[in-house]
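A.B. asks: I have a structure I would like to understand better, so I am pasting it below and will then ask my questions one at a time.
The values are calculated or read from the model by the stated rules, or taken from the named source; none is laboratory data. For clarity, every value in this text was computed on a predicted model and none was experimentally measured. Note that we place each Cβ from the backbone using ideal geometry, even for glycine, and neighbour counts take in every protein chain shown. To get the accessible areas, we keep the full protein, side chains included, count just its heavy atoms, and leave off ligands, DNA and RNA. Shrake-Rupley method; radii C 1.70, N 1.55, O 1.52, S 1.80 Å.
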Amino acid sequence: MRDQGLYCPQGGFFIDPVVPVERAVITHAHGDHCRPGHRAILATPETGLIAQARYGAEAFGRVEGLPYGMAQAVGGVTVRFAPAGHVLGSAQVVIERAGVRAVVSGDYTRGVNPTCTPFELVPCDLFVTEATFGLPVFDHPSLEGEIAKLLASVAAFPERCHVVGVYALGKAQRILAGLRAAGYDRTVFIHGALERLCDLYEELGVPLGPRAPATTARKDFAGEIVLAPPGALQDRWSRRLGDVLPVGASGWMQVRARARQRRVELPLIISDHCDWEGLTRTITETGARTVWVTHGAEEALCHWCATQGIDAAPLALAGRGEDGDGD
Amino acid sequence: MTPFAHLLETLAFTPGRNAKLAHLQHFFAQTPDPDRGWALAALAGTLDLPHVTSSVIRALVEERVDPVLFRLSYDYVGDLAETVALLWPGKGNGTPPTLDEVVGSLRMAGRTDRAAVLAQLLERLDGSGRYALIKLCTGGMRVGVSTRLVQTALAGPDHPLEDITEMWFGLEPPYLPLFAWLDGGARPDLDLSLAFRPVMLATPLDEARLADMVPAQFVAEWKWDGIRVQAVATPEGRRLYTRTGEDISAAFPDVIDRMDWHACLDGELLVRAGADVAPFADLQKRLNRKRVTAKMMAERPAMIRVYDILEEDGEDLRPLPLETRQARLAAWVGRVRPGGVDLSAPIAFDDWAELSALRAGARDDALEGLMLKRRDAPYVAGRPVGPWFKWKRDPLEADCVLMYAQRGHGKRSSYYSDYTFGAWVDGPEGRRLLPVGKAYSGFTDEELVRLDKWVRANFTERFGPVRGVRPGLVLEVVFDAVQASPRHKSGLAMRFPRIRRIRWDKPIEEAATVADIRALI
Ligand SMILES: [Zn+2]
Ligand SMILES: [Zn+2]
């Protein structure tokens with residue numbers, strides 16, 4: 001651990017550092033994991049493309065793409081990426097040296113995510129896990145069921161415009177893909193801030209179905225589904241849409257007070273992270289004897305590890321909070 | 001239980017009244033008896049279940065969940081019922097119980113096996129069902145639904161709301177005869193002697209109409225600044241209702257104890273301070289208490305100032321003209337000499353000018369204005385236009401400066417529509433503003449758009465959801481009264497403040513001082 005973030009001394013690189021460094025290995029392109037300004041980054045090709053789409057081609061000195069499963073020597077260690085199931089390109093970093101294997105999960109989910117390669121379990125000695133939803137109250141239901149709730153509400157209130165608050169990377173595309181999987185083939189209207197990444201997902205082979213900007217002069221949005229960043233949902237932007245029914249889509253929606261605080265009328269529990277069962281199952285399945293916990297409710301997960309006879313310690317990483325853009 | 005749990009969930013996230021009504025109507029139409037009746041009781045607060053304490057529930061969950069994980073989860077979620085609902089292992093085994101089964105088994109359980117019965121029920125429910133069940137047992141549903149709103153959801157063209165409120169007190173959960181009637185069956189046969197009679201309400205007087213009104217056809221009375229109540233006493237019992245039919249007997253035992261007569265009276269509930277009527281805030285204090293202490297009753301005794309009689313010894317007087325009812329009332333008061341009750345005497349007047357002068361001269365705080373009532377009008381439920389008018393005192397007003405704004409709810413959630421405004425005080429560092437009130441209404445939609453724009457352009461700091469704004473906009477605020485209040489920094493509390501005009505033109509230096517407003521007390 002260093003102030004800049006998680007550091008691998010034998011390899012001479014940081015993983016997801018919060019300030020610009022010489023050499024960074026990046027798990028995925030969310031803002032709390034991938035900051036601009038590094039001299040060189042190593043990431044999956046998809047993460048590299050998304051990061052450059054978000055921050056500009058000049059944001060990093062050198063971007064090196066390493067596909068899932070390919071090993072590369074970095075300093076004194078071997079590095080490879082394993083799919084994390086979180087967003088397109090998201091990876092766990094697998095580091096090996098002298099028969100010892102460490103896995104840094106980044107953000108991950110074991111739930112269904114039609115927009116990216118599913119999580120791959122990598123047995124290891126040291127597992128660095130996220131714990132965004134690291135409390136046993138989090139039990140995320142299926143994507144299919146939550147999408148069905150949204151469609152039922154659209155059918156029940158055809159005079160209203162359902163506006164779903166989503167982040168630009170990951171959540172927007174997962175909901176689009178979920179709608180398509182449920183057979184919804186109408187045009188989905190999207191906020192301008194979501195367009196570029198949706199287009200990029202399609203270029204990278206993830207079909208998202210018919211979309212149109214929600215900013216055109218089209219007057220009547222009754223009965224339609226609109227995707228917009230959470231900030232725009234409760235702001236002036238949404239007024240043009242008429243009688244808006246605000247929809248939340250995040251793991252936080254499981255807790256009423258949280259959902260109400262965000263003033264949604266329809267809370268959908270759609271999370272791109274693991275719920276409690278997913279976290280504890282993954283830790284068990286990796287067989288790791290040592291676990292470091294980052295990103296959220298470390299205390300509960302460390303306590304659980306202790307009851308299972310697993311050594312666990314919290315890693316307090318700066319710049320990570322629940323307002324990161326990937327919940 | 002599952003449909004009821006879903007209803008609670010939906011209601012909790014539905015801010016609009018009409019949308020809430022639609023959800024309730026859908027539920028009552030889809031859910032069979034007796035579950036819909038138990039649900040109605042739960043929402044209206046009439047479901048009497050043995051109370052389960054939070055420590056019992058806590059103990060149940062700690063038998064099943066690691067206590068450290070429970071504590072961390074509870075800290076995070078903040079609500080016991082929700083924490084337990086989410087933490088309880090399993091997703092519901094077997095058939096979920098019906099609401100009827102839940103009510104039946106909880107009522108049958110003794111003190112010793114209540115916890116075990118509850119645990120068995122929780123086992124068979126999913127998360128939202130568990131949440132609903134725990135809320136049922138511990139009380140505090142908090143879904144923003146009043147008795148009136150559920151009753152409104154039941155009403156329809158053939159089943160008027162007045163009829164439902166009238167029969168409400170003769171009915172008991174699970175309300176089978178009520179639902180049978182709503183479904184087209186026979187009207188329930190009830191003893192309504194102690195029931196609330198839907199009240200007759202007045203419309204605001206349009207002064208331009210006075211010219212066409214014949215003074216001799218009207219009775220004038222003072223409009224007292226208390227709360228409208230209906231006091232019913234029969235050999236079966238005694239009740240004190242608000243004008244919406246809420247039973248407030250428990251908060252006013254000093255009134256109930258002295259109702260040793262048989263009648264139904266309509267009047268104003270007031271509290272006294274010595275020989276005078278105490279300020280409305282004192283009445284409010286008593287109203288808010290579930291249990292009233294002897295000290296409160298001694299310091300602020302309650303009384304009823306009556307102006308109408310709806311029933312006397314079992315005789316329904318409502319069809320009689322007001323003039324006759326008032327004569328009967330005066331005679332009744334003279335004969336019975338009821339304790340804690342006095343007569344709101346009619347005001348003698350010859351023409352509107354005379355009455356108008358009386359109204360303008362009324363300085364007593366306990367007076368809200370005047371009532372004008374047609375002498376020949378029977379007592380009818382609702383708000384018919386014509387027989388009764390309220391002629392309120394002109395509101396007080398002050399020019400105040402906008403200080404903070406907050407977003408509204410529902411349709412207004414994207415607008416800064418709740419405004420806190422202040423008045424000037426002189427301090428050691430010069431003049432500054434102190435908040436004196438808060439208003440949400442009185443402006444048009446177009447004005448709201450303009451106000452919202454102004455707030456966004458002038459916002460300076462953020463306190464959670466509240467935005468501080470640069471002092472720069474004067475609001476002309478009107479209010480019904482202002483009282484001294486040690487709870488507020490300014491030492492003032494306004495009653496029903498609303499915005500009358502937005503003074504885009506007025507310099508803020510010309511706004512009122514706190515002292516100006518205090519002078520209106
Ligand atoms: Zn993250
Ligand atoms: Zn992420």
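A.B. asks: List the helices (runs of 4 or more DSSP H) inside the stretch A:233-327, counting only whole elements, that have at least 1 residues being modelled with pLDDT of 95 or more and out of contact with any Phe, Trp or Tyr (no Cβ under 6 Å at 6 or more places or on another chain).
C.D. replies: Passing ranges, in order: A:276-286, A:298-307.
A.B. asks: When the residues of the stretch A:84-101 are narrowed to those that are free of Cβ contacts under 8 Å to residues at least 40 places away in the same chain and open to solvent by less than 20 Å² (accessible area, probe 1.4 Å), which ends up nearest to ligand 1 (Cβ to nearest atom)? Spell out how you get there, then give the answer.
C.D. replies: If we filter the stretch A:84-101 for residues that are free of Cβ contacts under 8 Å to residues at least 40 places away in the same chain, which is where we start, we get A:85, A:94, A:96, A:98-101.
Next, only the ones that are open to solvent by less than 20 Å² (accessible area, probe 1.4 Å) stay: A:85, A:94.
Details: A:Gly85: 13, A:Val94: 19 Å.
Checking each candidate, the answer is A:Gly85.
A.B. asks: When the stretch B:270-312 is examined, which residues are found to be of a type in the set (Phe, Trp, Tyr) and either more than 25 Å from B:Val336 (Cβ to Cβ) or open to solvent by 60 Å² or more (accessible area, probe 1.4 Å) (or both)?
C.D. replies: Once the filter is applied, which keeps residues that are of a type in the set (Phe, Trp, Tyr) and either more than 25 Å from B:Val336 (Cβ to Cβ) or open to solvent by 60 Å² or more (accessible area, probe 1.4 Å) (or both), the stretch B:270-312 yields only B:Phe280.
A.B. asks: Find the residue count for the stretch A:12-50, including only residues that are away from ligand 1 (no atom under 15 Å from the Cβ) and either open to solvent by 10 Å² or more (accessible area, probe 1.4 Å) or over 16 Å from A:Phe81 (Cα atoms) (or both).
C.D. replies: Adding up the residues that qualify gives 15.
A.B. asks: Oh, and also: Give me the pairs, please: first residue somewhere in the stretch B:310-331 and assigned by TED's automatic domain parsing to the domain that holds B:Tyr379 and within 14 Å of B:Tyr379 (Cα to Cα), second residue anywhere and part of a strand (DSSP E or B) and polar (S, T, N, Q), beta-carbon distance under 8 Å, and either six or more positions apart or on two chains.
C.D. replies: Sorted first by the residue in the stretch B:310-331, then by its partner, the pairs are B:Leu310/B:Gln230.
A.B. asks: Among the residues of the stretch A:1-46, what is the count of those that are more than 16 Å from ligand 2 (Cβ to nearest atom), within 20 Å of A:Arg101 (Cα to Cα) and part of a loop (DSSP other than H, G, I, E, B)?
C.D. replies: 5
A.B. asks: Can you confirm whether B:Gly94 is within 27 Å of the chain's Cα centre (by Cα), over 20 Å from B:Asp247 (Cβ atoms) and surrounded by fewer than 16 Cβ atoms within 10 Å (Cβ to Cβ)? Quick ask: steps written out before the conclusion?
C.D. replies: Values: within 27 Å of the chain's Cα centre (by Cα): no; over 20 Å from B:Asp247 (Cβ atoms): yes; surrounded by fewer than 16 Cβ atoms within 10 Å (Cβ to Cβ): yes.
No; evaluated as a whole, the condition is false for this residue.
A.B. asks: Taking the stretch A:254-270 as the search range and keeping residues that are closer than 16 Å to A:Thr132 by Cβ and open to solvent by less than 10 Å² (accessible area, probe 1.4 Å), which one is farthest from the other protein chains (Cβ to nearest Cβ)?
C.D. replies: Going through the qualifying residues, I end up with A:Ile270.
A.B. asks: Also, quick follow-up: Restricting attention to the stretch A:103-132, and to residues there that are farther than 21 Å from A:Ala288 by Cα, polar (S, T, N, Q) and open to solvent by 10 Å² or more (accessible area, probe 1.4 Å), which single residue is nearest to ligand 1 (Cβ to nearest atom)?
C.D. replies: Among those residues, the one meeting the criterion is A:Asn113.
A.B. asks: Pick from the stretch B:117-136 the residues that are open to solvent by 50 Å² or more (accessible area, probe 1.4 Å) and in a helix (DSSP H, G or I): which of them is farthest from the other protein chains (Cβ to nearest Cβ)?
C.D. replies: Per the criteria, the residue is B:Gln120.
A.B. asks: Answer with yes or no whether A:Glu58 is more than 16 Å from A:Arg101 (Cα to Cα), modelled with pLDDT of 95 or more and among the acidic types (Asp, Glu).
C.D. replies: Answer is no for this residue.
A.B. asks: Run down A:Tyr108, A:Tyr167 and say which single residue is assigned to a loop (DSSP other than H, G, I, E, B), within 16 Å of ligand 2 (Cβ to nearest atom), more than 13 Å from chain B (Cβ to nearest Cβ) and touching an Asp or Glu at 6+ places or on another chain (Cβ under 6 Å).
C.D. replies: It is A:Tyr167.
A.B. asks: Here is a list of conditions, (1) under 32 Å from the mean Cα position of the chain (by Cα); (2) modelled with pLDDT of 90 or more, and B:Leu125 meets all of them except one; can you say which number that is?
C.D. replies: Unmet condition: (1).
A.B. asks: Okay, next question. Which of the numbered conditions does A:Leu135 fail, given that it passes all the others? Conditions: (1) more than 13 Å from ligand 2 (Cβ to nearest atom); (2) closer than 15 Å to A:Leu169 by Cα; (3) buried (at least 22 other Cβ atoms within 10 Å of the Cβ).
C.D. replies: Going through (1) more than 13 Å from ligand 2 (Cβ to nearest atom); (2) closer than 15 Å to A:Leu169 by Cα; (3) buried (at least 22 other Cβ atoms within 10 Å of the Cβ) one by one, A:Leu135 breaks only (2).
A.B. asks: Let me spell it out: the conditions are (1) more than 14 Å from chain A (Cβ to nearest Cβ); (2) of a type outside the set (S, T, N, Q); (3) open to solvent by 20 Å² or more (accessible area, probe 1.4 Å), and B:Glu62 meets all of them except one. Which number is the exception?
C.D. replies: (1)
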